[in-house]
Amino acid sequence: MHIVVCIKQVPDSAQIRVHPVTNTIMRQGVPTIINPYDLFSLEQALRLRDQHGGEITVLTMGPPMAEDSLRKALTFGADRAVLLTDRYFAGSDTMATSFALSSAIARISTTWGSPKIVFTGKQTIDGDTAQVGPGIARRLGLNQLTYVSRIADIDLAGDQITVERRAEGGVQTLRTKLPCLVTMLEATCDIRRGSMADALRAARAEVVKWSAADAGITDLGKCGLRGSPTVVKRVFAPSARSEKAHFIEITGKSNEAVAESVMEEVFLRLPAIEADLQKMAAGY
Amino acid sequence: MIEERFDCIVVGAGPAGNACALTLAERGLKVLQLERGEYPGSKNVQGAILYADALEKLIPDFREDAPLERHVIEQRIWMMDDRSTTAMQYRSEDFNEEKPNRYTIIRAQFDKWFSKRVQAAGALVICETTVTELVQNDSGRVIGVRTDRAGGFIRADVVVLAEGVNGLLGARAGLRCVPPPKTVALAVKEMHFLPQETLEARFNLKGDEGVVIEAAGTITKGMTGTAFIYTNKESLAVGIGCLISDFAQTGETPYGLLERFKSHPSAAPLLAGSEVKEYAAHMIPEGGYKAIPQLFGDGWVIVGDAGQFVNAVHREGSNLAMTTGRIAAETIAQIKTRRDPMTAEHLSLYKKRLDESFVMKDLKKYKNLPHALENKHLFTTYPQLLSGAMQTWFRVDGVDKKAKENEIVKSFFRARRFTGLVSDMFSMARGWR
Amino acid sequence: MSSDTSTKSAPPSGGRAGMKKELSEEFKAYKHVWVFVELERGEVHPVSWELMGEGRKLADKLGVELAGVVMGAPVDATKAAAAECFCYGADVAYLVEDEALASYRNDPYTRVLTELVGTYKPEILLLGATTLGRDLAGAVATTLLTGLTADSTELAVDADGSLAATRPTFGGSLLCTIYTLNYRPQMATVRPRVMAMPARSEGRIGRVVEVKPGLVEDDIVTKVLSFLPDRDSSKSNLAFADIVVAGGQGLQSLDNFQHVKALASVLGGEYGCSRPLVQKGWVTADRQIGQTGKTIRPKLYIAAGISGAIQHRVGVEGADLIVAINTDKNAPIFDFAHVGLVADATRILPVLTEAFRARLSVNRLAS
Ligand SMILES: Cc1cc2nc3c(=O)[nH]c(=O)nc-3n(C[C@H](O)[C@H](O)[C@H](O)COP(=O)(O)OP(=O)(O)OC[C@H]3O[C@@H](n4cnc5c(N)ncnc54)[C@H](O)[C@@H]3O)c2cc1C
Ligand SMILES: Cc1cc2nc3c(=O)[nH]c(=O)nc-3n(C[C@H](O)[C@H](O)[C@H](O)COP(=O)(O)OP(=O)(O)OC[C@H]3O[C@@H](n4cnc5c(N)ncnc54)[C@H](O)[C@@H]3O)c2cc1C
Ligand SMILES: Nc1ncnc2c1ncn2[C@@H]1O[C@H](COP(=O)(O)O)[C@@H](O)[C@H]1O
C-alpha cells in the first residue's frame, strides 16, 4: 500500500520573536521543527506500512531548507521524500497550498503509484487553519476523514477503511472507501525513534526536488500570492492583557485560609460553576 | 549490529568535530559523524567570537556564505567594582579590512552551516543520536561505538572524541579522567534582542561593525572568572563564567552573577529594553596546559574542548578546537594512506604535531596562569584600588597632584602590603611568561 | 486521480497581488450574511448562536438579511432548530431536510451547502471552528474556490463592505487581519466561546425557505456505523470538560500528582498535565494539554506547578477562568492566568481539595 504523508516545516513557536517596531516575525535564527501535529500522522502511516506492507512518501512544500525536515521524516522510517520548492509558491494561503500539494500528489501517483491514503496533520502551528487537509481531499476527490483518533480497520481487498473520528460531544465510527485523506488527532500514539539503520539510510537518501513545472503545474496563476484568495492586510502584536493575574494574598495566612480565599475567588468569578457543583454534589 | 564499517567515526559536531570530519571527508575517508543535538549547534547556543585564521585553513572562502554576525572593530576591557568601571578600549579603522580577523557568530547557526559543508564534502552526519559507549576489544583497542538508537553498534578503524568539555565517553571507557572542578568554568549566557537600529546606535556601529566587551572585577564576587558582551546583528550575547570549584565554595549561582553583571551601572544601559530569548549554561575548560589529558590511544584520539584546548586568557576555544580537529584528521588520513593500523604508536604523531603548533605553544606559555588567577585579590582588591585611584586622580578638589599620587600609592600598600604586591606581581608575571 | 476537480475560471487578479477590490460581475450578485447552524443528534452547538449574534451585527452594518442554514433528518428537532434561528436574530432560515443528513458526513453536507451557496449567493458565510465546522468549511471553500479565514477571533465589515476577519497566528504571538477581496462568499470560522452568546428573544419569527436536496444514500460512500457520546466513554474527556485541573513538573513527584486527580474528581472535572509529565511516563499522552496535546476550553482551569510555556499556553487560553498555583511569582503563567497564587502547590492542593469537598458536602446536607 502506497501512503503519502504531508508534513510542514514550521518555526518553533517557542522561539518566535516579533520585531517591536515593525511587528514582523523575526525568523533569523529561529529554529525550525516538523509541525508537531504531522508527527502523529506520520507515525500512523508508519504503523500501517509495518502491518500491511507498502511504502511511504513524505511530501512538503517549502523553501530549500525544508529538506532538513524531510530527511528527519526519513529517519523515522519513511521510504521516500519529495520537496516541492519554487519561488512561484511564495505567499501561498491554504487554497494555493492545497492546490500545489494536490498537484504534486497527482504527480507522485503517476510516478510511484496512486496512494491509498494521504495523511496530513490536524493543523499547523504557524498557519493553524486545519484547512489544507480538506482542501487536498476535495481537489483529489478523496474521502475525507479528519480528527481521526483511531484507525479501527483497513480492508485492502475491499478498499475499505473504518476509523473512529472525534466529533462534537462524542466519537463517530465511520466507514468509507479508499483512497481517502486522513488527519490524525494529536496525542493518539507515541512517536517512534528510528533505528540506527534508518538513520544511516536517511542520511544517505536523495530527497526528490520538484519545481512547479516538475509537479505538472501549468497554471501558475493558481500558485503562491496570485493563487491565494485571502489577503493579509494587517499583522500586529496582541495587546498584552492589561491586568496581570489577580494574586491571592498569602502573607500571614494559614494554608487553609489561603485555600478558602482561592475557592471564594473562583465562585465569585464563576457563580454558574458553584451552582453546577452543588447540583452535582446533591447528586442530580 | 550494523554490518557497515567506517574509516572513522567522529563523536560530536562542534567546531572540533566538524573540522575533523570535513578534513577526513575531503581526503576521501569514509566518515560517520554523530551528534546528540537536534541539529549541529542546537546544544551550543553560546554567542561566540570566531577567529578567521583557523577556519580559513579549512574553508578559505568561508566569508562568502557563512552566517557571520559582525566583524569586530572594537575591543573593550572592563575592570569593575560595584559602582565603577575602569575601561581599556581599542577601536581601529584597520579592522574594517577586506578579510577581517574576528567575527561575532551565533553558534547555533554557524555550526549548522559548518555541518552542511561537512556533508557536502561527503561525510555522513546523523543528529539526535547520542554515542553511549566506546566499544573496545579484549586488548582494549577501540573498535567502534554504541548509540542510543536500536541496533546501534557501528565499527570504525578510529574514533575521534570531539564530545566537548565533559569528556564523559573517554572517561567512561577509562581512557582518561573527567576534568576536576578546578579546571572547568561554568558559563551562563543570555541572548538579548534589540532592533538593529537601536543596537548600532548604542555601540556607535555602522554596517557589520561589531564590539566585544570582556569584563572582570567584583562582579564575580571574588571568584575567578570574567563576563562578556558580544554584539550580534540584532542581539547581544551577554554572559559570565566562573570556576565550578568557586561556585561550589561560595554557594553563588551563575544566574545570580549574571543578574548582578546585567544590573551594573555600566552594563544596564547597553541592555535596556532588550528582549531576552535564550538562556544557556555551558562549561569551559580552563585548566590549560597542565590539565590536558592523554590525547590518543589504540583506535581513538581526543580533539577540542574534550582535550582542554582552551586559551582562557584570550578566550580562544573554537579556533583551538578547529585546529586540533584538523591536525588529528590530517594525521589519521596520513596513517590511512600508509595503510598502517590506527594504533597508539601511529596516532602519537598527532600529539607531536600539536606540540609544534601554536596550540601547544600558547597553552604552554600560560601554563602557570590558572594558578596565578586563583589569587582572589585580582577580582576584589585590585579592581577597587584601581577605581579608587581613578577617582582620586580625576576628582578636582583643590588637593595638589603630588598629594594625590602619594594617596594612591599608599592605598595600594595599605591594601596588600609590599610583600603582597610583589608576590601578586611575581605570580602574574610567571603566569604570563 | 485528477489534480484539480475545479473547472470554475478564476476572476481577474485574485490574491494578495490584487490588494484592491475588483469584484467580477458574477460576484456582485452575492448578498446577505449566512450562519451555518451546527445540528447534531437533535442539539444545536452553542457556537452557532454565538455566530448568529455576530452575524446580526454584520448584517445590520451591511443593511442585508441574516440567514441560518439548518441541515438534518426530516424530524421535529430539525424544524425546531430552524425556528430557533429567529429567536437569535435571523431573518431567514434555510431548512434542508433529508434522511442522508441525519448525522454529519463531509460529502453530503459539502454537496448541499455548496449548492445552496450557488443558488442563493450569500456574501458572507460563517461556521463554528468545531471539528464539524472545520471539516466542512475547508471542503466547501475549496469547492467554491473562495477564501476562508479559520479560527477568527474578531469579525468586522470595513468602509467598502468587505469582511475583515482577525485571527491569531504563530501560536498566538501575532494577530493578523485577513480579507477575501475578489471572491465570494467570504468565509470564516470562529471558535466556540470566542463570541458572546446573544440574548434569546422568544417569539421572534422570520421566513423559512425549505430545500429538498434529494440525496440518494447509495451515492454516499461514507457510512456512520456508530456514535459514542463522551459521557458514555471511559476515555479522557479533557477537550470538552467544563472543569480541568492540571499539574506540571513543579509537583516534583508522581505521588504529588495524585493531589491533582483528587481535586479534579471532587470538582467532577478532568485532570491533565504538561508535556514533561507525559515524557516522564507519569501520565498518559491523551492527558497532555497544549500545542502537541489537547486544546481545552473549560469554564475553569486550575494549573499547579506549570510554568506556562507558550506551547502550554496555546492549549488553555480558551478557558473562561484560569487559576495558577506556582512558587515563582515571575512564572510566565501569571501573564495569562486570571487568578494567581504564589505558593507550594504540593501543600495547597490537598487543603484546596478539602475546602471544596467541605463546602459541597455542607450544601448536600442543606439540600
Ligand atoms: C559562554 C561561552 C562563551 C565562549 N566564547 C568563545 C569565544 O568567544 N570564542 C571561542 O573561540 N570560544 C569560545 N568558547 C569556547 C568554545 O565554545 C569551545 O571551545 C568550542 O565550542 C569547543 O568545540 P568542541 O567541538 O570541542 O566542543 P563543543 O562545541 O562543545 O561540541 C561538542 C559536541 O559534541 C556533542 N556531543 C557530546 N557528547 C556526545 C555524545 N555522547 N554523542 C554525540 N554527540 C555528543 C555535543 O552535543 C556538542 O555538539 C565559549 C564557550 C562558552 C561556554
Ligand atoms: C515543539 C514543542 C511542543 C511542545 N508541546 C507542549 C505541549 O503540548 N504541552 C506542554 O505542556 N508543553 C509542551 N512543550 C514543552 C514546553 O515548552 C515546556 O517545556 C513545558 O510546558 C514545561 O512544563 P512545566 O511547566 O510542567 O515544567 P517547568 O517549565 O519545569 O515548570 C515548572 C514550574 O513549576 C513551578 N514550581 C516548582 N515547584 C513548585 C511547587 N512546589 N509548587 C508550585 N509550583 C512549583 C516552577 O516555578 C515552574 O514555573 C512543547 C515544546 C516544544 C519544543
Ligand atoms: N507547505 C506545506 N507542505 C506540506 N504539507 C502542508 C503544508 N502546509 C500544510 N500542510 C499539511 O496540512 C496540514 C494542515 O495545515 P494548516 O491548514 O496550515 O493547519 C498540516 O498539518 C500539514 O500536514
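Nothing in this text is a laboratory measurement; each read-out follows from the coordinates by a stated rule. Please read these numbers as outputs of a predicted model, since none were measured by experiment. Glycine also receives a Cβ, built like all others from the backbone with ideal geometry; neighbour counts cover every protein chain displayed.
As a test, work out the antiparallel percent of DSSP beta bridges whose residues both lie in chain C, rounded to the nearest 5. Antiparallel bridges make up about 20 percent of those DSSP assigns within chain C.
Relative to the compact-globule estimate of 2.2 N^0.38 Å, the Cα radius of gyration of the stretch B:1-94 comes out at 1.56. Report summary: the helix-based calculation at 222 nm, which adds -39500 (n - 2.57) for every DSSP H run with n ≥ 4 and divides by the residues of the protein assembly as shown, gives -10000 deg cm²/dmol. A Förster distance of 30 Å, applied to the separation of the beta-carbon atoms of B:GLU4 and A:ASP214, puts the FRET efficiency at 0.35. Each of A:LEU156, A:CYS223, A:ALA199 was scored by the projection of its Cα onto the charge dipole of the stretch A:117-229, and the greatest displacement toward the positive side belongs to A:CYS223; charges sit on the C-beta of Lys, Arg, Asp and Glu. Between 0 and 90 degrees, the angle of helix C:345-366 with respect to the longest Cα principal axis of chain C falls at about 80 degrees. Cα centroid separation, the stretch C:172-219 to the stretch B:395-433: 82 Å.
Helix C:76-87 and the longest principal axis of the C-alpha atoms of chain C enclose an angle of approximately 90°. What you get for chain C, charging only the Cβ of Lys and Arg (+1) and of Asp and Glu (-1), is a dipole of about 980 debye around the Cα centre. When A:ASP38, B:ASP208 are sorted by how many other C-beta atoms sit within 10 angstrom of their C-beta, beginning with the fewest, the order is B:ASP208, A:ASP38.
Per residue of peptide A:261-268, the mean number of Cβ atoms on other chains within 10 Å of the residue Cβ is 5. Charge tally around B:LYS43: other residues with Cβ under 13 Å, Lys/Arg +1 each, Asp/Glu -1 each, net -4. For chain C, the relative contact order comes to 13 percent (Cα pairs under 8 Å, sequence separation of at least 6). Taking 13 Å as the straight-line reach from the Cα of A:LYS8, the aspartates and glutamates in range (excluding those fewer than 8 positions away in the same chain) are A:ASP38, A:GLU67, A:ASP68, A:ASP126, A:ASP128.
With a threshold of 22 Å on the Cα-Cα distance, the over-threshold entries among A:LYS122/A:LYS233; B:LYS112/B:LYS277; C:LYS79/C:LYS212; C:LYS280/C:LYS329; B:LYS182/B:LYS351; B:LYS112/B:LYS352 are A:LYS122/A:LYS233; C:LYS280/C:LYS329; B:LYS182/B:LYS351; B:LYS112/B:LYS352. Rounded to the nearest 20 debye, the dipole magnitude of the stretch C:39-131 is 200 debye, with +1 charges on Lys and Arg beta carbons, -1 on Asp and Glu beta carbons, and the Cα centre as origin. The mean count of C-beta atoms from other chains within 10 Å of the C-beta of residues in C:125-132, rounded to a whole number, is 3. Between B:THR419 and A:ASP153, the modelled label-to-label distance comes to 9.5 nm, taking each label 7 Å out from Cα in the direction of the beta carbon. Of all lysines in the structure, those lying under 20 Å Cα to Cα from C:LYS28, and not within fewer than 8 positions of it along the same chain, are C:LYS8, C:LYS20, C:LYS61, C:LYS121.
Can you tell which of A:SER109, B:SER263, C:PHE334 lies farthest toward the positive end of the dipole of the protein assembly as shown, using +1 and -1 charges on the Cβ of basic and acidic side chains (Lys, Arg; Asp, Glu)? Most positive-ward Cα: B:SER263. Derived scalar couplings between HN and Hα for the stretch A:208-218 equal 6, 10, 10, 8, 4, 4, 4, 7, x, 8, 9 Hz in order, rounded to whole Hz, by the Karplus curve 6.51 cos²θ - 1.76 cosθ + 1.60 (θ = phi - 60°), x for Gly and Pro. When A:ILE217, B:ILE49 are arranged by Cβ crowding within 10 Å, least crowded first, meaning fewest neighbours, the order is B:ILE49, A:ILE217. Sort the protein assembly as shown into rounded, prolate or oblate with this rule: let a ≥ b ≥ c be the square roots of the eigenvalues of the Cα gyration tensor; rounded if a/c is under 1.5, and if a/c is not under 1.5, prolate when a/b is larger than b/c, oblate otherwise. Because a/c hits 1.5 or more and a/b exceeds b/c, the protein assembly as shown counts as prolate. Legend: mean number of C-beta atoms from other chains within 10 angstrom of residue C-beta atoms, peptide C:348-358, equals 5. Over all projection directions, the Cα-based convex hull of chain A averages an area of 21.8 nm².
Structural descriptor for the stretch C:52-194: relative contact order 21 percent, calculated from alpha carbon pairs under 8 angstrom and at least 6 residues apart.
Most simply put, the protein assembly as shown has about 50% antiparallel DSSP beta bridges, counting only bridges with both residues inside it. Only the Cβ atoms of Lys and Arg (+1) and of Asp and Glu (-1) were treated as charged; on that basis the dipole of chain A about its Cα centre amounts to roughly 980 debye.
Residues C:PHE170, B:PHE95 in ascending order of nearby Cβ atoms (within 10 Å, fewest first): B:PHE95, C:PHE170.
Which shape class applies to the stretch C:293-340: rounded if a/c is under 1.5, otherwise prolate when a/b exceeds b/c and oblate if not, where a ≥ b ≥ c are the square roots of the Cα gyration tensor eigenvalues? Verdict is oblate for the stretch C:293-340. With axes computed from alpha carbons, what is the tilt in degrees of helix B:381-394 against the longest principal axis of chain B, rounded to the nearest 10 within 0 to 90? That helix lies at roughly 40 degrees to the long axis.
Going by the alpha-carbon gyration tensor, a ≥ b ≥ c the square roots of its eigenvalues, is the stretch B:302-433 rounded (a/c under 1.5) or, if a/c is not under 1.5, prolate (a/b greater than b/c) versus oblate? It is prolate, given that a/c is not under 1.5 and a/b is the larger ratio. Across chain A, C-alpha contacts under 8 Å between residues 6 or more apart give a mean separation that, scaled by the residue count, equals a relative contact order of 22 percent.
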